[in-house]
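Following: one structure in structure tokens, then a few remarks.
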Amino acid sequence: MKNFNIILLMLTAVTLVGWIAAGCSGAPPEQKIVTVSIEPQRYLLEQITGDKVQVRCLLSDGANPETYDPSMTHMLNLSNSLGYLRMGNIGFEAALLDKICESNPDLPIYNTSEGIVPVTGTHGHGEVTHEVTDPHTWSSVKNARVIARNMCEAMVEIDPANKDLYRKNHKAFDAHLDSLDRELSTMLAPVKGSAFLVWHPSLSYFARDYGLEQIVVGGHEHKEMSVIDLRSMIDEVKAHGVEVFFSQKDFDSRQVTSVNEEIGASPVEIHPLSYNWENELRATAAALVSSSTKQPEE
């Protein structure tokens, strides 16, 4: 840790020298930076901040949050930020907080999921799952409205010079999210009460919002199932008449294919950590509706 701090201080010093030199040469000042944890957050925040700040993300699109280790560049971005708007319950955030607070004691840190009613029991460590909060709060439009409100309040506090713009943009975006929620509710009304299969429990809040049942295959640790557990799960899925199997290409096990050979559901690839947050939710809803309206083969 001592060596890490020394390196971080050296990099910060180099950055400060660059800023001073730029100021002396008459070059325009660098844009303000705000750091978030994941790409869906970046999308949400940019709807509020516009071009007033540069939103940087710790976890790049396609990276695995369960094995993520921040680079020195990421840590330097944090030290140069107006604030860090964390998602709230992602594992790598908890692992980083002590390091961030030690290296940047004056950095404002905000939990953008504060106020969201949590889903529990989908994730955990070892045998302990029932009290662990599901971290995928952004998979819900209703939650996104809470997240966006928290983001707006954070930006007003750390960049008060632009507070009127942030509040104006947030008001417009909140109305848009309300419209999106109603759109998805209408789309999914015909399949309300149905179940879908997912390898990793990334759609818990989405399912809660629209009266769906999420059946998890791979669990929170992506471990392959025993033959007995696999057989039991397949029987459960068949009993529910599941028609859609969601999985993530970069993270999910080879068992996805073998399991689905017995179930016969429609395989659908999802990208919960994509910047294209709205498109992902619409595509998820469309897959559920499309599968329910398919005619059985003769």
Condition broken by Cys152, with the remaining ones in (1) more than 18 Å from Ser204 (Cα to Cα); (2) open to solvent by 40 Å² or more (accessible area, probe 1.4 Å) satisfied: (2)
Restricting region 240-270 to residues that are assigned to a loop (DSSP other than H, G, I, E, B) and in contact (Cβ under 8 Å) with a residue 60 or more places away in the chain, the residue that is farthest from the chain's Cα centre (by Cα): Ala265
Of all residues making up region 168-210, the number that are polar (S, T, N, Q), in contact with a strand residue (DSSP E or B) (Cβ under 9 Å, 6 or more places away or on another chain) and over 19 Å from Val117 (Cα atoms): 1
Residue satisfying all of: in region 155-167; touching a strand residue (DSSP E or B) at 6+ places or on another chain (Cβ under 9 Å) and of a type in the set (A, V, I, L, M, F, W, C); most open to solvent (accessible area, probe 1.4 Å) among these: Ile158
Hits in region 49-79 (condition: over 20 Å from His136 (Cα atoms), assigned to a loop (DSSP other than H, G, I, E, B) and at pLDDT 90 or above): Gly50, Asp51, Lys52, Val53
Among (1) farther than 22 Å from Ile215 by Cα; (2) part of a helix (DSSP H, G or I); (3) of a type outside the set (Ser, Thr, Tyr); (4) in contact with a helix residue (DSSP H, G or I) (Cβ under 8 Å, 6 or more places away or on another chain), the one test that Glu93 misses: (4)
Inter-residue pairs, beta-carbon under 9 Å, first of a type in the set (Gly, Ala, Ser) and in region 161-174, second part of a helix (DSSP H, G or I) and surrounded by 17 or more Cβ atoms within 10 Å (Cβ to Cβ), 6+ apart: Ala172/Gln47
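The values are calculated or read from the model by the stated rules, or taken from the named source; none is laboratory data. None of these values were measured; they are calculated from a predicted model. Positions of Cβ are backbone-derived with ideal geometry, glycine not excepted, and every protein chain shown enters the neighbour counts. Each accessible area value is taken on the protein alone, full model and side chains, heavy atoms only, with ligands, DNA and RNA left out. Shrake-Rupley method; radii C 1.70, N 1.55, O 1.52, S 1.80 Å.
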